[in-house]
Amino acid sequence: LYVTGDDRLMRKAISDFYHSRVPEGLTQGRYPSSRLQVIPPFSLFWVSMVYDYWMHRNDNAFVKEFMVPISGVLDWYEKKIDPTKKMLGPMQWWNFVDWNLSFDGGVPDGANDGNSSVITLQYVATLEQAAKLFKQFGKLDQAKHYQSLATQLKAGTYAACFNASKNLMANTPNKKAYSQHASIMGVLTGAIPTSQQKTVMQNVLRDTTISQATFYYRFYLNQALKKAGMANNYYAELKPWRDMIANGLTTFAENPDPTRSDCHAWSASPNYDYFATICGIVPSQPGFAAVTIEPAMGALHHVKASMPHPNGTIAVEFTKSKNNGVDATIELPSKVKGVFIWNGKTFMLHSGAQKIKVASL
């Protein structure tokens, strides 16, 4: 959507996974395929795909088709909740999260035998997205239920798994193992309170003893940095992709070497984050009806970009000035409004071209 503006492949993927569902309500991990593969966390990602499409495209008729199957995915997880811990209990199938070296077969601690903070909090994030979708389509009781469930699971996971002395979220309540993933999801969902998020993410970045996110999961690492007010760290965190270029790759690897694929779409998040993080362009209303532009340029001093929008093109150019000021030129398509944010200062945006100068702070 950000690179080409063509949404046909996204709609096809959403529809294909919809058709892949097994009787339990989960989507398959790959489809069509000659072999059945079910990865429950990927079913949560499918719900997030529908949510993302809704935020970026004004196509409610298409999105509305998926309310019932979304309920099927969320209900499968709800049946797995451990009422004593207010976290997910044991789960079947392949509960893959990431190919890091500490997750056996890509499955985090507690996913199979119960009380995984990582997957519980991914479920929380998906519940909150679903609540917004169901509210949009007038299903208010379900929206309220999903939000209430998310709130309970957030509190339960934080109480059981957060280690205040380490300022990190543990993988399970026994607090024997830690991963970037658990704290990332703790920050993204708000299970970790706002006042603690920056300290937690600083620990996530510098503590190499906790298991590390690989290329695809670093997309969520970046989202957590943005949530904690640390988006300017993103540019420096691109080292894994710079290493790919140094190794002679022209496409994205699945994992650090040794890897089985040197052409893997799930590592392609910099194609998105140049626009969405460095340039800071994200929808603030469904259908991309309004935009928030909050650049996080890191060490860069000048950035220029144009990206497709359903109504035309969003064009931006930013040049840093003395003492962290900025000269900004922004052009929005017709019927699109928004805000520009720089170092906590907010400026209203209108359709068409506009220049904004923020003096040194």
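Calculated mean residue ellipticity at 222 nm for the chain: -11500 deg cm²/dmol, from DSSP H runs with n ≥ 4 weighted as -39500 (n - 2.57), summed, divided by the residue count and rounded to 500.
The distance from the alpha carbon centre of segment 28-75 to that of segment 135-198 is 22 Å, rounded to a whole number.
For the chain, give the magnitude of the charge dipole about the Cα centre (Cβ charges: +1 Lys/Arg, -1 Asp/Glu; no others), in debye to the nearest 20. All intermediate terms of the calculation are to be shown ahead of the outcome.
On the way: 36 positive and 27 negative charges, 169 e Å.
Computed charge dipole of the chain: roughly 820 debye.
Taking every alpha-carbon pair in the chain and binning the separations at 10 Å intervals from zero gives 5, 22, 32, 28, 11, 1, 0 percent.
Here the chain has 53 percent of its accessible surface on carbon and sulfur atoms, given a 1.4 Å probe and all protein chains in place. Rounded to the nearest whole Hz, the Karplus-based 3J(HN,Hα) values (6.51 cos²θ - 1.76 cosθ + 1.60, θ = phi - 60°) of segment 23-31 follow the sequence x, 5, x, 7, 7, 7, x, 8, 6, with x at glycine and proline. In the context of the full set of protein chains, residues of segment 180-280 present 44 Å² of accessible surface per residue (probe radius 1.4 Å, heavy atoms only).
Here the label points at Asp82 and Ala265, each 7 Å from Cα along the C-beta direction, are separated by 3.5 nm in the simple model.
In this structure Glu128 has an accessible area near 40 Å², from a 1.4 Å probe over the protein heavy atoms.
Average the reciprocal distances over every distinct pair of alpha-carbons in segment 146-243, invert the result, and give the Kirkwood radius in Å.
Details: mean 1/r = 0.0733 Å⁻¹.
Taking every pair of different Cα atoms in segment 146-243, averaging 1/r and inverting gives 13.6 Å.
Note: relative contact order over the chain, using C-alpha pairs below 8 Å and six or more positions apart, is 12 percent.
The order of Ser15, Ser116, Ser360 by accessible area, most exposed first and with a 1.4 Å probe, is Ser360, Ser15, Ser116.
Computed from backbone phi, the HN-Hα couplings of segment 63-72 come to 5, 4, 4, 9, 5, 5, x, 4, 4, x Hz, rounded to whole numbers (Karplus: 6.51 cos²θ - 1.76 cosθ + 1.60, θ = phi - 60°; Gly and Pro given as x).
How large is the accessible surface per residue of segment 26-83, computed with a 1.4 Å probe and reported in Å² as a whole number? Walk me through the intermediate numbers first.
On the way: 2420 Å² over 58 residues.
Counting only protein heavy atoms, the per-residue value for segment 26-83 is 42 Å².
Distance between the modelled labels on Val339 and Asn174, one decimal in nanometres: 4.6 nm (7 Å Cα→Cβ projection).
Accessible surface ranking for Ser211, Ser321, 1.4 angstrom probe, highest first: Ser321, Ser211.
Ranked by solvent-accessible area (1.4 Å probe, protein heavy atoms only, all chains present), the residues Lys239, Lys176 order from largest to smallest as Lys176, Lys239.
Accessible surface of Ser34, taken over heavy atoms with a 1.4 Å probe and every protein chain present, rounds to 120 Å². The lysines within cross-link reach of Lys12, meaning a Cα-to-Cα straight distance under 20 Å and a gap of 8 or more places when in the same chain, are Lys64.
The values are calculated or read from the model by the stated rules, or taken from the named source; none is laboratory data. Not measured: the values here are computed from a predicted model. Every residue, glycine among them, receives a Cβ derived from its backbone with ideal geometry; neighbour counts consider all protein chains shown. Keep in mind that these areas ignore ligands, DNA and RNA; they rest on the heavy atoms of the full protein, side chains included. Shrake-Rupley method; radii C 1.70, N 1.55, O 1.52, S 1.80 Å.
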